[in-house]
Amino acid sequence: MAAGGSGEAVDAVARSALRPDSRAPGLLIGEDVQLGEGVQLGAHVVIHAGTVVGAGCVIEDHAVLGRRPRLARGSSAHGAVGALELADEVTVCAGAVVLAGARLGERVIAGDQAFVRERSTVGAGSVIGRGSVVDNDVAVGARVRVQTNVYLTAFSRLEDDVFVGPGVTTTNDDTMARHPPQAPLRGAILRRACRIGGGAVLTPGVEVGEEAFVAAGALVTRDVPARAVVMGVPARVVREVPDEDLLVRWR
């Protein structure tokens, strides 16, 4: 068994090795990487083993794709991690990091220095803004707009056509790490076409209803009904989103 274990370790090291590739300046590529037709690669890109990059993708300078997560012993993020998959025409901008186990749908844009973690999915046509973080096990729907410096905490769910303003923070742990290891974490749930204003903070497990509007700087401590407009600290309902402001009127 010792010999077999040693052989598996050697195979793992070999698989994780990065090798220079002449297709772009400073490019490093691991084993079994698949690059689709027409992929554009910037300078000093790193693509780790097993990563799948679809046709027509643009990977800009210093982006890192498919790196395995490194977790603390007591982290709640432990779990199976597969290969990173980028669908066709995805853009990963300069300095962005997309970990193994994530999946970005067609025409997704991950902005400069964005960070997308393992087992997270981003739906077709969505944008993750500069410096924003999509934590592990997050599901982002289609046509979602996440602006600059947003934190989407683990186990959050964003439905289609959601807008998240700059500097929004979502949270998932009321105890701030003082809970049993098996205690579930509760991310935010953002229903279809809701809008979250810049600098808002959402406490663990909050659900924002369909077409709801959260004003800039609000502290959301309880669920927001569909089409409600909330503002303040803590956030309170002040009115309803009018018919002329619904998404269907702007398509």
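The values are calculated or read from the model by the stated rules, or taken from the named source; none is laboratory data. Owing to the predicted nature of the structure, the values given are computational and were not obtained by experimental measurement. Virtual Cβ from ideal backbone geometry, glycine too; neighbours counted across all protein chains shown. Note: accessible area is taken over every heavy atom of the protein model, side chains too, but ligands, DNA and RNA are not part of it. Shrake-Rupley method; radii C 1.70, N 1.55, O 1.52, S 1.80 Å.
Which net charge results when you count Lys and Arg as +1 and Asp and Glu as -1 among the other residues whose beta-carbon is under 13 Å from that of Arg67? Neighbourhood net charge equals +2. Run a plain Debye calculation on the chain (Cα atoms as equal point scatterers, no solvent) and give log10 I(q)/I(0) at q = 0.16 Å⁻¹, rounded to two decimals, same order as the q list. Cα-only, vacuum Debye calculation for the chain: -1.11. Taking every C-alpha pair closer than 8 Å and separated by at least 6 residues, the mean separation divided by the residue count of the stretch 141-199 gives a relative contact order of 41 percent. Reported to the nearest whole Å, the Cα centre-to-centre distance from the stretch 44-92 to the stretch 153-200 is 22. Since only Pro69, Ala49, Gly198 are under comparison, the one whose Cα sits farthest along the positive direction of the charge dipole of the chain, derived from C-beta charges on Lys, Arg, Asp and Glu, is Gly198. Comparing mean-square fluctuations of His179, His78, His44 from a GNM of the chain with C-alpha springs under 10 Å, the top value falls on His179. Of all DSSP beta bridges confined to the chain, the antiparallel ones make up roughly 10%. Any idea what angle helix 2-16 forms with the longest principal axis of the chain, computed on alpha-carbon atoms, 0 to 90 degrees, nearest 10? Once rounded, the angle reads 70 degrees. Largest GNM mean-square fluctuation among Arg222, Arg68, Arg178, using the chain with Cα springs under 10 Å: Arg178. Glu240 contributes an accessible area of around 110 Å² to the protein surface, as traced by a 1.4 Å probe with all chains present. The magnitude of the dipole of the stretch 187-251, with charges of +1 and -1 set on the Cβ of Lys/Arg and Asp/Glu and taken from the Cα centre, is near 80 debye. Placing +1 on the Cβ of every Lys and Arg and -1 on the Cβ of every Asp and Glu, with no other charges, gives the stretch 67-109 a dipole of roughly 380 debye about its Cα centre. Based on protein heavy atoms only, the chain ends up with 50 Å² per residue of surface accessible to a 1.4 Å probe. Using a 1.4 Å probe on the protein heavy atoms, what percent of the accessible area of the stretch 118-251 belongs to carbon and sulfur? Looking at the stretch 118-251 in its full context, I get 56 percent from C and S. Computed on the stretch 71-137, with alpha-carbon pairs under 8 angstrom and 6+ residues apart, the relative contact order is 27 percent. The mean sequence distance of close C-alpha pairs (under 8 Å, at least 6 residues apart), as a share of the length of the chain, puts its relative contact order at 8 percent. The Kirkwood hydrodynamic radius of the stretch 129-210, based on inverse pair distances between different Cα atoms, is 12.6 Å.
In the chain, taking the dipole from charged Cβ atoms about the Cα centre, the farthest positive-side position among Pro181, Ile109, Gly38 is held by Pro181.
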